[in-house]
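Some notes on the structure that comes next.
The values are calculated or read from the model by the stated rules, or taken from the named source; none is laboratory data. None of the values given here were measured: they were computed from a predicted structure. Please note: Cβ atoms are built from the backbone with ideal geometry, for glycine as well, and neighbour counts cover all protein chains shown. Accessible surface areas use protein heavy atoms only, side chains included; no ligands, DNA or RNA. Shrake-Rupley method; radii C 1.70, N 1.55, O 1.52, S 1.80 Å.
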Amino acid sequence: MNLVKKILVVHGDAKMKRKLVLMLADAGYDIRAFTDGEPALETARNEWFDLAPIDARMPGATEFEFVEALKKIQPTVP
């Protein structure tokens with residue numbers, strides 16, 4: 001049984017995304033990180049996540065569009 005929490009990070013700023021990834025990975029989380037929403041959604045179709053912090057200024061879509069699409073794939077992800 002895998003008890004490590006998986007987090008999907010989506011942030012349009014590559015430097016900020018890297019900082020988040022390093023901080024969360026150092027805390028022991030399994031991270032998948034993206035700067036764009038489409039590849040993040042594709043990953044969400046294949047992997048289950050415990051949390052999905054996203055950037056409010058995501059390129060290519062608004063945060064609300066991304067959250068709606070993610071909730072269709074993984075309805076319980078906070």
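Tell me yes or no: at least one residue of the stretch 32-46 is modelled with pLDDT of 95 or more, outside any helix (DSSP H, G or I) and open to solvent by 60 Å² or more (accessible area, probe 1.4 Å).
There is at least one residue in the stretch 32-46 that is modelled with pLDDT of 95 or more, outside any helix (DSSP H, G or I) and open to solvent by 60 Å² or more (accessible area, probe 1.4 Å).
Between Ala33, Ala25, which is out of contact with any helix residue (DSSP H, G or I) (no Cβ under 9 Å at 6 or more places or on another chain) and farther than 16 Å from Pro78 by Cβ?
Ala25
Looking at the stretch 37-49, I want the residues that are closer than 11 Å to Phe66 by Cα and have a partner that is among the aromatic types (Phe, Trp, Tyr) and in a helix (DSSP H, G or I) with Cβ atoms under 7 Å, at least 6 apart or on another chain. Which pairs are those?
So the pair list comes out as Gly37/Phe66.
Could you figure out which of (1) modelled with pLDDT under 95; (2) assigned to a loop (DSSP other than H, G, I, E, B); (3) surrounded by 14 or more Cβ atoms within 10 Å (Cβ to Cβ) isn't true of Val4?
(3)
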